[in-house]
1. Can you tell me which condition residue 76 does not meet? The list is (1) in contact (Cβ under 8 Å) with a residue 24 or more places away in the chain; (2) out of contact with any Phe, Trp or Tyr (no Cβ under 9 Å at 6 or more places or on another chain); (3) over 20 Å from residue 23 (Cβ atoms), and all the others hold.
2. List the pairs whose first member sits in the range 49-63 and is under 15 Å from residue 95 (Cα atoms), whose second member is open to solvent by 70 Å² or more (accessible area, probe 1.4 Å) and part of a loop (DSSP other than H, G, I, E, B), and whose Cβ atoms are under 7 Å apart, counting only residues at least 6 apart or on separate chains?
3. Can you list residue pairs whose Cβ atoms sit under 7 Å apart, with the first residue in the range 95-116 being of a type in the set (Val, Ile, Thr) and the second being in a loop (DSSP other than H, G, I, E, B) and at pLDDT 95 or above? Count only pairs 6 or more apart in sequence or on different chains.
4. Go through the residues of the range 37-44 one by one and say whether even a single one is open to solvent by 40 Å² or more (accessible area, probe 1.4 Å), of a type outside the set (Val, Ile, Thr), assigned to a loop (DSSP other than H, G, I, E, B) and farther than 21 Å from residue 122 by Cβ.
5. Among 92, 14, 49, which is in contact with a Phe, Trp or Tyr (Cβ under 6 Å, 6 or more places away or on another chain) and either open to solvent by 30 Å² or more (accessible area, probe 1.4 Å) or not acidic (Asp, Glu) (or both)?
Amino acid sequence: QVQLVESGGGLVQAGGSLRLSCAASGRTFSTYYMGWFRQAPGKERGFVAAMRLSSTSTYYADSVKGRFTISRDNAKNTVYLQMNNLKPEDTAVYYCAAARYYTPISDEYYAWGQGTQVTVSS
């Protein structure tokens, strides 16, 4: 099994930045892609970004393109989500997840972290 632990959430004013981290441990050899999702109150969990761990391929939701950047540090088994120019509508619980192929569909990810709250005030 793969264990994922997110950190870095918090409260920030609109226009500010946060960097989320997702540390992976356990049986990570079958994990080829890592993704970030978010879920706001009363809404479904939605795709934010994903990347292939063995290349520079990255994927973003239209709502975050140009503001969010997904990256990784393979030596630390950690994936990051740099979030700039945050907006109140970015407020949500953010989750990292592991997959064997690229997909924006949350049901197709096989491991999830516990989530970290991001709150953007106006």
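The values are calculated or read from the model by the stated rules, or taken from the named source; none is laboratory data. Nothing here was measured: the structure is a model prediction, and the numbers come from that model. Please note: Cβ atoms are built from the backbone with ideal geometry, for glycine as well, and neighbour counts cover all protein chains shown. Only protein heavy atoms, including side chains, enter the accessible area calculation; ligands, DNA and RNA are left aside. Shrake-Rupley method; radii C 1.70, N 1.55, O 1.52, S 1.80 Å.
1. Answer for residue 76: the failing condition is (3).
2. Within 7 Å, the pairs are 50/102.
3. Going by the 7 Å Cβ cut-off, the qualifying pairs are 116/8; 116/9.
4. Scanning the range 37-44, I find at least one residue that is open to solvent by 40 Å² or more (accessible area, probe 1.4 Å), of a type outside the set (Val, Ile, Thr), assigned to a loop (DSSP other than H, G, I, E, B) and farther than 21 Å from residue 122 by Cβ, so the answer is yes.
5. 49
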